[in-house]
Every structure is written in structure tokens, then in C-alpha cells.
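Trainee: Please find one structure pasted underneath; my questions will follow.
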Amino acid sequence: MAAEFETNLNHLRTREGMAKARAKGRLKGKAPKLPLAARKTIHRRYHDPDDDASLADLAEEYSVGRSTIHRIISSPTPPRI
């Protein structure tokens with residue numbers, strides 16, 4: 001019971017610290033796998049009818065998984081900051 005109480009306190013302290021960091025702009029989450037320029041290029045190339053780049057080709061070219069490419073191309077507009 002004491003261990004559970006300490007675990008709950010630790011959880012609450014962690015959440016408070018994360019909220020303070022988020023308020024100060026220091027907690028931003030995971031950085032994107034590809035830079036913005038690469039994401040824009042991938043989006044443009046996949047949706048360009050003259051470019052025959054497939055999802056698998058783009059994934060291999062940029063050394064990322066197909067799910068990363070799919071996430072980029074499935075957005076209705078090109079990525080931006």
C-alpha cells in the first residue's frame with residue numbers, strides 16, 4: 001500500500017513538471033523523422049501525375065518506413081511548420 005501511494009505521488013509530480021515545461025514551451029514532443037523540405041518534396045512528387053514515384057520507392061529513397069511516407073502523402077495539403 002505504501003508503494004502504491006509513492007507511485008501515485010511520483011506520477012502526480014511528473015505530470016506537474018510536464019505541465020510546467022509545456023507552459024514554458026520546453027516540452028514539444030518528438031521531432032519529425034524528415035526535415036520540412038523533404039516532406040514537401042515527397043508530397044509534391046507523389047501527387048504529381050508526371051512523376052511515377054511510388055510509396056515504396058520514396059520510402060527507400062529517403063530511408064524511412066512506408067508508414068512514414070503514407071502519413072506525409074495522406075495529408076490534404078503539403079506539410080508546413
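The values are calculated or read from the model by the stated rules, or taken from the named source; none is laboratory data. Worth saying up front: this structure is predicted, and the values here are computed from it rather than measured. Methodologically, a virtual Cβ is constructed for each residue, glycine included, from the backbone with ideal geometry; neighbour enumeration extends over all protein chains shown. Ligands, DNA and RNA are stripped out before the accessible areas are found, and what is left, the full protein with its side chains, is counted by its heavy atoms. Shrake-Rupley method; radii C 1.70, N 1.55, O 1.52, S 1.80 Å.
Trainee: Return the pairs, sorted by first residue and then second, in which the second residue is assigned to a helix (DSSP H, G or I) and among the hydrophobic types (A, V, I, L, M, F, W, C), the first residue lies in the range 60-79 and is more than 12 Å from residue 38 (Cα to Cα) and open to solvent by 30 Å² or more (accessible area, probe 1.4 Å), the beta carbons are less than 7 Å apart, and the residues are 6+ apart or on different chains.
Mentor: Hits for this filter: 65/59; 66/55; 66/56; 66/59; 70/55.
Trainee: Examine the range 2-9 for a residue that is surrounded by 11 or more Cβ atoms within 10 Å (Cβ to Cβ), of a type outside the set (A, V, I, L, M) and part of a helix (DSSP H, G or I), and state whether such a residue exists.
Mentor: Kept after step one, since they are surrounded by 11 or more Cβ atoms within 10 Å (Cβ to Cβ), are these residues of the range 2-9: none.
Among the residues of the range 2-9, not one is surrounded by 11 or more Cβ atoms within 10 Å (Cβ to Cβ), of a type outside the set (A, V, I, L, M) and part of a helix (DSSP H, G or I), which makes the answer no.
Trainee: Go through the range 37-54 and report how many residues are part of a loop (DSSP other than H, G, I, E, B), in contact with a Phe, Trp or Tyr (Cβ under 7 Å, 6 or more places away or on another chain) and at pLDDT 90 or above. If you could, list the steps in order and put the result at the bottom.
Mentor: Here is the first cut: in the range 37-54, the ones part of a loop (DSSP other than H, G, I, E, B) are 48-54.
In the following step, the residues that additionally are in contact with a Phe, Trp or Tyr (Cβ under 7 Å, 6 or more places away or on another chain) were identified as 53.
Next, from what is left, pick out any that are at pLDDT 90 or above: none.
Residues in the range 37-54 being part of a loop (DSSP other than H, G, I, E, B), in contact with a Phe, Trp or Tyr (Cβ under 7 Å, 6 or more places away or on another chain) and at pLDDT 90 or above: 0 in total.
Trainee: Right, something else. Could you tell me which residue of the range 15-36 is nearest to residue 73 (Cα to Cα), considering only residues that are open to solvent by 70 Å² or more (accessible area, probe 1.4 Å) and assigned to a helix (DSSP H, G or I)?
Mentor: Checked the range 15-36; the qualifying residue nearest to residue 73 (Cα to Cα) is 22.
Trainee: Find all pairs meeting these conditions: Cβ atoms under 9 angstrom apart; at least six residues apart or on different chains; first residue within the range 1-22 and at pLDDT 90 or above; second residue open to solvent by less than 100 Å² (accessible area, probe 1.4 Å) and of a type in the set (Ser, Thr, Tyr).
Mentor: none
Trainee: Does the range 37-44 include one or more residues that are open to solvent by 100 Å² or more (accessible area, probe 1.4 Å) and not charged (D, E, K, R)? Spell out how you get there, then give the answer.
Mentor: Residues of the range 37-44 open to solvent by 100 Å² or more (accessible area, probe 1.4 Å): 44.
When the remaining residues are screened for being not charged (D, E, K, R), the result is none.
Taking every residue of the range 37-44 in turn, none turns out to be open to solvent by 100 Å² or more (accessible area, probe 1.4 Å) and not charged (D, E, K, R).
Trainee: Yes or no: residue 57 part of a loop (DSSP other than H, G, I, E, B) and exposed (fewer than 15 other Cβ atoms within 10 Å of the Cβ)? Before the answer, list the steps.
Mentor: Working: part of a loop (DSSP other than H, G, I, E, B): no; exposed (fewer than 15 other Cβ atoms within 10 Å of the Cβ): yes.
Against the criterion (part of a loop (DSSP other than H, G, I, E, B) and exposed (fewer than 15 other Cβ atoms within 10 Å of the Cβ)), residue 57 does not qualify.
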